[in-house]
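Taking it in order: structure first as structure tokens, then the write-up.
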Amino acid sequence: MSIGTAVSRVEGQAKVTGQAKFAADNTPPGTLHAALVGAPVASGRLIDVDATAALTLPGVVRVLTAHDMPRFGAVQPPAAVLALPLQNDAIRYEGEPVAIVLAESIEAAEAGRDAVLVRCERDDPILPGAATREPPPEPRMLGDDLEMGDVDAIFGTAQASVAATYIQAARHHNAMETSGTVARFEHGKLTLWDAVQASENVPLVVAAALGMRPDDIHVIAPHTGGGFGSKGYVWPHQILAAAAARVAGRPVKLHLRRHDQFVCVGYQPWMKQDIKLAATADGRLSAIDHEIVNSSAIADTHLEPASEASKTLYASPAIRTRQWLERRNINVPTPMRAPVEGPGLWALESAMDELAVALKIDPLDLRLANYAEVDPHTNKPWSSKKLREAYEEGARLYGWRTRGETPRRDGAWRIGHGMATSSMGNFRFPGGARVRLRSDGTALIEANTHDIGTGTQTVFCQIAAEELGLPIENVSIVWGDTDLHPASPVYGSSATGSTGSAIALACREINAKLDALGGKDVRASLRRANLPEMVADGAFTLPGGASFSADGDGTPYAMRTWGAIFVEVGVDPELGLVRLRRAVGAYSAGRIINPKTARSQMTGAIIWGWGKATMEESVQEPNTGGWLAKNLSNVAVPVNADIPLDIKIHFVSEYDPHASAIGTRGIGELGATGVDAAVAAAVYDAIGLRVRDLPILPGKILAGLSSQHAAAG
Ligand code: MOS
């Protein structure tokens, strides 16, 4: 039995031996290296790009500007940016590409970039805090406003209520491999070696921009060095690489430097959330009011639909949600692990902790008192939900019920405990895969899925091995190429459920054919039928042929993932330091295919959440509006020294019969939700200070404690 076994990565050896090729490892003969020149101001008009000096440098071949570029055709999502750069003289954010240096080497391209002179007219940019709120454009993919019950009337008569505003900083994905595209035209056909989470998105967008047929674009993307959402949609650099290759008549490699990563491929927006909870004296919610604003760009839109959290988590009879945008002169945000409920639960779960404190109810008991037996806003039954078991087992593993008996201090450290609910929608996309069972008893999966470092390939081989009754060693997979059978994207924690289901369905078809041939002795059956192999295509489809479903749409069920996160922190009130001492995450996410890769996903997600809670902040320069730090030397992220060994992960034993063909729901991003709220709750538990503004930096703790003392004194 392969499913449920802790199988190591099938692509692991290729990676640790340096055999795995990433997009920028490809250099076709004649390749020109590209460097983007960014606008120096956040708002204004380009007057002139002076390339004279750059073109005198050895190796610099051309400097392309809007004059050299074709006029792009209109692009639609999955394009992340609809207002494409290098098309006119408008400047809408600092770093917006205004020229591309092409050179014989990357060094020459870099030197050329430094020598290009950009002249522009500067307008006053719209800076953080200066923008006005506006409603997001319709239709929204998620995050529709909800008005259920008479929220205002309930607040007027509520026995208990809390109201607070929660802020979170913008932060960037910063995958280890920066995004990059190598583009080559041959005989009118375009090949792209690309760093992506969904290569099938790329031909759609690049073809629309360049006036091509999607079928004439071939994307090769076997390994992706992390994505976290930054490589999900299609970004301008992918179009620009292809356009530059066409204009130059040579292959072009456009590998973003770390600096570019801050302005070219999105980030999680700054967000402000006002939330109010009304409850009975014994802690049953009677109303939730959740109002959200996220920062976005001037000419492009990203809505962060954090309101989904409040619509779905607790059994409240009245729920009102509102979403707003605040447009600034900055590049456009995009989904980032964990989007949607990640931000939403920061506010909702923090407010739940404040309510628990106000009512003197244990935070876990408050969650249990509001357990939603059906989806609160649709009344649909859950496809499967074992959150109660997750709470219980998480609390047991943590020692939540006996935490009052443990020491409250450790030297200078004040110890605090916090918990929160984790939850994500269960994103599903149509998925496909081809499976070949050969007469030698081996099987091959062909699916244009991706490897972003999560173990997808391993899990897919396990699914096929299980379904076909083969040892895992007999199953292999080819992936990362648009010439292969189309699969589903690798984002939204959806790949295992979608493409994994397609693989299982293909295997089941093969099994049925073998049965028809007289049995599961593969060799004998295939020989009898005079076949070298048996091939089947599996298709995982959504109701009504939908291209996306977040929450079981179109089915009789609401589908979500769940969990509980418990953290112990130490806070040093003299220095304002916060340290993670231990954590327990327990999850209800359907069947777990590979406990090793699944544990790794959730551990990484908790670390990611710790970064959001206490470290990560991308700051806009207050006068110019550009990102202050465009490298990793000024961006704090968790490192080994920040993370204790004592992180326990538990999955409730579960099989979801409705969400996929293999009993699974999504897991990857679930673990990153709720961590920030649990940490803030633990900080409050440790020192009695409520921080509502992420990240919880030492300065905020010191300032908060000193104003508390001032108020008390
Ligand atoms: Mo994740 S933001 O769906 O890659």
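Summary table
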{"read-out": "Asp375 long-range amide H proximity, modeled H, under 5 Å", "value": "Lys380, Trp382"}
{"read-out": "As computed over region 430-541, the Cα convex hull volume per residue (Å³)", "value": "84 Å³"}
{"read-out": "3J(HN,Hα) from dihedral phi, region 432-437, Karplus parametrisation 6.51/-1.76/1.60, rounded to Hz, x for glycine, proline", "value": "x, 6, 10, 10, 10, 9"}
{"read-out": "Of the DSSP H helices in the chain, those whose Cα atoms cover at least 20 Å axially and whose Kyte score averages -0.5 or more", "value": "341-359, 495-517, 595-614, 698-712"}
{"read-out": "Ordering of 60-72, 379-391, 294-306 by packing [mean C-beta count within 10 Å, highest first]", "value": "294-306, 379-391, 60-72"}
{"read-out": "Pairwise FRET efficiency - Thr301 versus Leu702, Cβ, R0 = 45 Å, nearest 0.05", "value": "0.75"}
{"read-out": "Spacing of the two label points (7 Å from each Cα toward its C-beta) at Arg388 and Glu110, in nm", "value": "6.0 nm"}
{"read-out": "Cross-link reach list, lysines versus Lys700, counting only Cα pairs under 27 Å and skipping chain neighbours closer than eight places", "value": "Lys272, Lys276, Lys360, Lys612, Lys630"}
{"read-out": "Positive-pole candidate from Ala6, Gly416, Ser706, dipole of the chain, charges at beta carbon", "value": "Ala6"}
{"read-out": "Rounded to whole Hz, the Karplus (6.51, -1.76, 1.60) HN-Hα couplings of region 164-173, x for glycine and proline", "value": "7, 10, 10, 10, 9, 6, 5, 8, 9, 5"}
{"read-out": "Ala20 long-range amide H proximity, modeled H, under 5 Å", "value": "Lys15"}
{"read-out": "Highest average packing first - 558-571, 588-601, Cβ atoms within 10 Å", "value": "558-571, 588-601"}
{"read-out": "Sum of -39500 (n - 2.57) over DSSP H runs of 4+, divided by residues of the chain (222 nm, nearest 500)", "value": "-8000 deg cm²/dmol"}
{"read-out": "Proximal aspartates and glutamates to Lys231, defined as alpha-carbon separation beneath 19 angstrom and excluding residues fewer than eight positions away on the same chain", "value": "Asp25, Glu96, Glu177, Asp194, Glu200, Asp260, Asp300, Glu304, Asp451, Asp481, Glu669"}
{"read-out": "Loop-located chymotrypsin sites (Phe, Trp or Tyr not before Pro) in region 604-659, at most 14 other Cβ atoms within 10 Å (DSSP)", "value": "Tyr655"}
{"read-out": "Shape category assigned to the chain from the gyration tensor of Cα positions, a/c cut at 1.5", "value": "oblate"}
{"read-out": "Region 625-631 - phi-based ³J(HN,Hα) in whole Hz, Karplus 6.51/-1.76/1.60, Gly and Pro as x", "value": "x, x, 5, 5, 10, 10, 7"}
{"read-out": "Charge dipole (region 430-541, unit charges on Cβ, about Cα centre) - positive-most of Ala524, Ala512, Ala443", "value": "Ala524"}
{"read-out": "Accessible area of the chain belonging to carbon and sulfur atoms, whole % at 1.4 Å probe", "value": "53 percent"}
{"read-out": "Mean Cβ count within 10 Å, highest first, over the residues of peptides 638-645, 332-339, 153-160", "value": "332-339, 153-160, 638-645"}
{"read-out": "Size of charge dipole - the chain - debye, nearest 20, with Cβ of Lys, Arg +1 and Asp, Glu -1, no other charges", "value": "1060 debye"}
{"read-out": "For Ala659, residues with placed amide H under 5 Å, excluding near neighbours", "value": "none"}
{"read-out": "For the chain, with +1 on Lys and Arg beta carbons and -1 on Asp and Glu, the positive-most of Val652, Val578, Ala682 along the dipole", "value": "Val652"}
{"read-out": "Whole-number accessible area per residue in Å² for the chain, which is evaluated in the context of all protein chains at 1.4 Å", "value": "36 Å²"}
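The values are calculated or read from the model by the stated rules, or taken from the named source; none is laboratory data. Given the structure is predicted, the values throughout are model-derived calculations rather than measurements. Note: ideal-geometry Cβ built from the backbone for every residue, glycine included; neighbour counts use all protein chains shown. The protein model used for the area step is the full one, side chains on, heavy atoms only, and it has no ligands, DNA or RNA in it. Shrake-Rupley method; radii C 1.70, N 1.55, O 1.52, S 1.80 Å.
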